[in-house]
Amino acid sequence: MTLQITDHLSPNFGERRDGARPELVVIHYTAMQTAQAALTRLCAPEFEVSAHYLICEKGGIYRLVDEEHRAWHAGAGAWGQITDVNSHSIGIELANDGQSPFAADQMEALEHLLDDILRRRNIPPEGVIGHSDMAPGRKIDPGPRFDWARLELRGLGRVRRFPVDRQAPSA
């Protein structure tokens with residue numbers, strides 16, 4: 001499958017700090033009713049929030065921030081020794097209200113996008129984390145309906161083997 005990505009650029013980004021390069025991919029859900037509502041929010045300057053990609057329920061992929069830049073998706077939190085997750089990650093938002101199952105077309109698009117990012121960036125499957133993993137107690141996405149086992153079977157992520165309220169093991 002050839003990735004088809006539509007550019008819909010957000011003004012909400014900055015430079016990666018201290019020469020940081022992406023070594024994580026953070027998966028989110030939008031907690032909004034539609035992909036269009038999420039697209040509007042992620043591109044509105046007054047909300048100061050963005051992600052590198054938004055994947056719609058039917059599998060359409062929008063690029064909101066170039067991967068070379070720092071999107072504003074992770075907020076406060078840490079993963080191991082990384083405390084500025086935004087500078088060290090690529091953020092992917094999945095259009096989902098947080099209660100519904102993730103659509104098959106959306107998961108397939110996520111798999112293709114992750115495969116591309118992990119290969120290009122040399123990020124191991126362990127580097128694919130949920131927002132809840134780096135901000136336990138503050139964030140719950142991508143939530144209990146997200147199929148981590150499916151990603152692990154395809155070599156694109158790992159099922160979390162530690163409680164969500166614990167930080168990643170230190171290196």
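The values are calculated or read from the model by the stated rules, or taken from the named source; none is laboratory data. These figures come from a predicted structure and were not determined experimentally. Because the Cβ atoms are built from the backbone with ideal geometry, glycine has one as well, and the counts that use them run over all protein chains shown. The accessibility values were calculated without ligands, DNA or RNA, using every heavy atom of the protein model including side chains. Shrake-Rupley method; radii C 1.70, N 1.55, O 1.52, S 1.80 Å.
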Give the range 66-76 a look and list any residue that's at pLDDT 95 or above, not in a strand (DSSP E or B) and not aliphatic (A, V, I, L, M), or say none. ASP66, GLU67, GLU68, TRP72, HIS73
Pick from ALA31, ALA78: which is in contact with a helix residue (DSSP H, G or I) (Cβ under 7 Å, 6 or more places away or on another chain) and of a type in the set (Gly, Ala, Ser)? ALA78
Of the numbered conditions (1) in a loop (DSSP other than H, G, I, E, B); (2) without any contact (Cβ under 8 Å) to a residue 40 or more places away in the chain, PHE146 fails exactly one; give the number of that condition. (2)
Per-region count, the range 1-52, residues of a type in the set (S, T, N, Q) and in contact (Cβ under 8 Å) with a residue 60 or more places away in the chain: 5
State which residue is nearest to THR6 (Cα to Cα) when the search covers only the range 53-82 and only residues that are open to solvent by 40 Å² or more (accessible area, probe 1.4 Å) and in contact (Cβ under 8 Å) with a residue 60 or more places away in the chain. TRP72
Say we look at the range 124-140 and pick out the residues that are outside any helix (DSSP H, G or I) and open to solvent by less than 10 Å² (accessible area, probe 1.4 Å); which of these is farthest from LEU110 (Cα to Cα)? ALA135
